[in-house]
Amino acid sequence: MNEIKDTYKTITKPSEETLFKDRNSKFFGYAFPVNSEEDVKLRLEELRKLHHTARHHCYAWQLGTENIRFRANDDGEPSNSAGQPIYGQIQAFDVTNVLVVSVRYFGGTKLGVGGLINAYRSSAQLALEASDIIEKTIDVQFKLSFGYDLMNKVQRVIKEKNLEIVNQKLELACEYTIAVRKSEADAIFSIFESIYQLKIKKL
């Protein structure tokens with residue numbers, strides 16, 4: 001039986017600014033947690049304001065835990081000399097929902113494609129090393145609908161199985177949205193499904 005992979009690594013907060021230098025060129029590195037392409041845009045705009053005289057803002061991002069989306073951008077550097085090496089570090093650190101940016105100030109000496117690849121890779125590596133990388137679980141959400149008479153039963157399962165209640169509505173009937181680790185989802189579903197007069201559905 002294949003084990004379900006239900007964890008992923010990401011970062012919790014923006015990294016410290018890092019600096020990599022090569023022949024007078026300066027590469028300022030940053031890593032940010034992001035959850036959407038909108039987040040990516042906002043972070044890039046912030047950096048463009050902060051480093052408005054820099055010549056290149058090269059970056060790569062990756063979003064998602066199962067359906068992965070990513071992009072690498074050379075921002076005017078020779079093709080694949082910047083974005084791709086940055087993305088390579090995102091893969092090497094095995095993180096997702098992350099944006100890594102390297103801002104370059106040109107120092108007057110051309111580094112050549114090999115030099116650029118090394119510089120952007122090193123800059124991205126420093127930024128990720130300066131980040132707080134944590135492991136999170138991939139969760140499945142279920143909606144439970146039940147009468148008040150079942151409240152104790154439901155609470156007992158939630159407590160025993162250490163489940164997270166994401167949302168609750170207690171009106172005429174009770175409605176809980178719970179988050180369950182993906183690898184345990186089927187088992188938890190069966191437990192709740194077996195409770196008479198409780199409705200459960202996957203969100």
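The values are calculated or read from the model by the stated rules, or taken from the named source; none is laboratory data. Every value quoted in this text rests on a predicted model; they were computed, and no experiment measured them. Every residue, glycine among them, receives a Cβ derived from its backbone with ideal geometry; neighbour counts consider all protein chains shown. We work out accessible area using only protein heavy atoms, side chains counted, and drop any ligands, DNA or RNA first. Shrake-Rupley method; radii C 1.70, N 1.55, O 1.52, S 1.80 Å.
Computed quantities for the displayed model
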{"read-out": "Listed peptides 190-202, 37-49 by packing density, highest first (mean Cβ within 10 Å)", "value": "37-49, 190-202"}
{"read-out": "Equivalent ellipsoid, the range 17-114 (semi-axes from 5 times Cα gyration tensor eigenvalues, Å)", "value": "23, 15, 11"}
{"read-out": "Cβ-Cβ FRET estimate between PHE189 and ASN35, R0 fixed at 25 Å, reported to 0.05", "value": "0.40"}
{"read-out": "Set of aspartates and glutamates with alpha-carbon distance to LYS169 below 19 Å, sequence-local pairs under 8 removed", "value": "ASP149"}
{"read-out": "Estimated D of the chain in µm² per second, where Rh is the Kirkwood radius over Cα pairs and Stokes-Einstein applies at 37 °C, 0.692 mPa s", "value": "169"}
{"read-out": "Relative frequency of Cα-Cα separations exceeding 23 Å in the range 99-203, percent", "value": "50"}
{"read-out": "Alpha-carbon centroid distance for the pair the range 156-203 / the range 1-75, whole angstrom", "value": "36"}
{"read-out": "Nearest-0.05 FRET efficiency for LEU50 and LYS5, computed from C-beta distance (R0 45 Å)", "value": "0.75"}
{"read-out": "Local net charge near GLY29, Cβ-Cβ under 12 Å (Lys/Arg +1, Asp/Glu -1)", "value": "+1"}
{"read-out": "Accessible heavy-atom area order of SER122, SER183, SER25, highest first, probe of 1.4 Å", "value": "SER183, SER122, SER25"}
{"read-out": "Lys/Arg +1, Asp/Glu -1 at C-beta; the range 1-75 dipole; positive extreme among LEU63, PHE20, VAL40", "value": "PHE20"}
{"read-out": "Top of GLN125, GLN84, GLN168 by mean-square fluctuation, Gaussian network on the chain, Cα under 10 Å", "value": "GLN168"}
{"read-out": "Under 26 Å from LYS49, Cα to Cα: lysines that are on another chain or at least 8 residues apart", "value": "LYS13, LYS21, LYS26, LYS41, LYS110"}
